[in-house]
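Structure first, commentary second.
The values are calculated or read from the model by the stated rules, or taken from the named source; none is laboratory data. These numbers come from a predicted model, not from an experiment. All Cβ positions, even for glycine, are placed from backbone atoms using ideal geometry, and neighbour counts span all protein chains on display. Ligands, DNA and RNA are excluded from the accessible area calculation, which covers all protein heavy atoms including side chains. Shrake-Rupley method; radii C 1.70, N 1.55, O 1.52, S 1.80 Å.
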Amino acid sequence: MKTGLILEGGAMRGLFSAGVTDVFMENKIDFDGLIGVSAGAAFGCNYKSNQPGRTIRYNMTYSKDPRYCSFRSLIKTGDLYGADFCYRELPEKLDIFDNETFEKNPMEFHVVCTDVNAGKGVYKKFEVSDKNFYEWIRASASMPLASKIVRVDGYSLLDGGIADSIPLKYFESIGFSKNVVILTQPECYVKKKNPLMPVMKIALRKYPDAVQAMANRHLNYNATLEYLKERENSGDAVIIRPEVPLNIGKIEHDPEKMKRVYEYGRIVGEREIERVKEFLSK
């Protein structure tokens, strides 16, 4: 029976998940596999490399650096989050990603992206943290309108959350039958239709299937929440989420706001340790 950890995205809301997962790492909670979407992939890779603290550290350190995230970067490169800085210079030189530990850790690591030509999810497993690895993570976190389409391995990719925000069904389909799911919205949250759909239709007019996936995203997301409840009630999943809205923007330059969300995640993580240990031991 394989155990899985599933990390929803949500841009800077992902710092909540980083707080929870740092507590898990510090308490030696192991999973057979992890699957991350968008920020869940970008931050979740630090679980396999066993680097608690790295996510909040580099986000706070470079929060005001225009190379990391800025409208200047968007205008200059087409990416709000600077691709070269975030996915090359930062992990290779500034806050080094532990490639050796990542590759030695037997935990599976999966990334979710959206194929804009098909409007469907693409699921990629990684054992090696090479250049391709960073391109897939970048693709998973490439928000429409704020990022260029990422072309890698014959795919044209954007944010994994478009097609599959919470990939529990996928993980179950490949054998992960006991799963811990970390969400970045409170239980009362109901996703609404994207108010930017008219703009999306124009910007992605060459990709009608991707536009359709975006138009249906709120319906699929809310249906997935219902499925999560079923799996939790049956004892096959544990859901961890904030009790209140995190009140942090997708774009955030205030390191104190980042720290607040991260520390709240740690509080929730500490509270959930025993429940998760008991669930995984059954």
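Within segment 25-52, residues that are basic (Lys, Arg) and in a helix (DSSP H, G or I) have Cβ atoms under 9 Å from residues that are open to solvent by less than 20 Å² (accessible area, probe 1.4 Å) and modelled with pLDDT under 95 in these pairs: LYS48/SER129, counting only partners at least 6 apart in sequence or on another chain. The requirement of being charged (D, E, K, R), under 30 Å from ASP30 (Cα atoms), open to solvent by 90 Å² or more (accessible area, probe 1.4 Å) and modelled with pLDDT of 95 or more is fulfilled somewhere in segment 218-239, by at least one residue.
Taking segment 64-101 as the range and being in contact with a strand residue (DSSP E or B) (Cβ under 8 Å, 6 or more places away or on another chain) and part of a loop (DSSP other than H, G, I, E, B) as the test, the residues that pass are TYR68, LEU80, GLY82. Take the residues in segment 112-143 that are outside any strand (DSSP E or B) and among the small types (Gly, Ala, Ser); name whichever of them is nearest to LYS76 (Cα to Cα). Here the answer is SER142. Scanning segment 109-133 for residues that are touching an Asp or Glu at 6+ places or on another chain (Cβ under 7 Å), among the hydrophobic types (A, V, I, L, M, F, W, C) and farther than 22 Å from ARG205 by Cβ, we see that the one that is most open to solvent (accessible area, probe 1.4 Å) is VAL128.
LYS2 is checked against (1) touching a Phe, Trp or Tyr at 6+ places or on another chain (Cβ under 8 Å); (2) modelled with pLDDT under 95; (3) open to solvent by 50 Å² or more (accessible area, probe 1.4 Å) and fails just one. What number does that condition carry? Only one criterion is unmet by LYS2, namely (2). Only one of the numbered conditions (1) among the β-branched types (Val, Ile, Thr); (2) part of a helix (DSSP H, G or I); (3) within 30 Å of GLY175 (Cβ to Cβ) is violated by ILE6, and that is (2). Looking only at segment 250-282, residues that are assigned to a helix (DSSP H, G or I), open to solvent by less than 60 Å² (accessible area, probe 1.4 Å) and more than 18 Å from PHE24 (Cα to Cα) come to 2 in all. Against the test of being touching a strand residue (DSSP E or B) at 6+ places or on another chain (Cβ under 8 Å), among the hydroxyl-bearing types (Ser, Thr, Tyr) and crowded, with 16+ Cβ neighbours inside 10 Å, the options SER49, SER17 yield a single qualifying residue, SER17. For TRP136, the conditions (1) open to solvent by less than 10 Å² (accessible area, probe 1.4 Å); (2) over 25 Å from VAL20 (Cβ atoms); (3) of a type in the set (A, V, I, L, M, F, W, C) are fulfilled apart from (2).
State whether the residues of segment 66-76 include one that is more than 13 Å from ILE137 (Cβ to Cβ), open to solvent by 10 Å² or more (accessible area, probe 1.4 Å), touching a Leu at 6+ places or on another chain (Cβ under 7 Å) and of a type in the set (A, V, I, L, M). Yes - at least one qualifying residue is present in segment 66-76.
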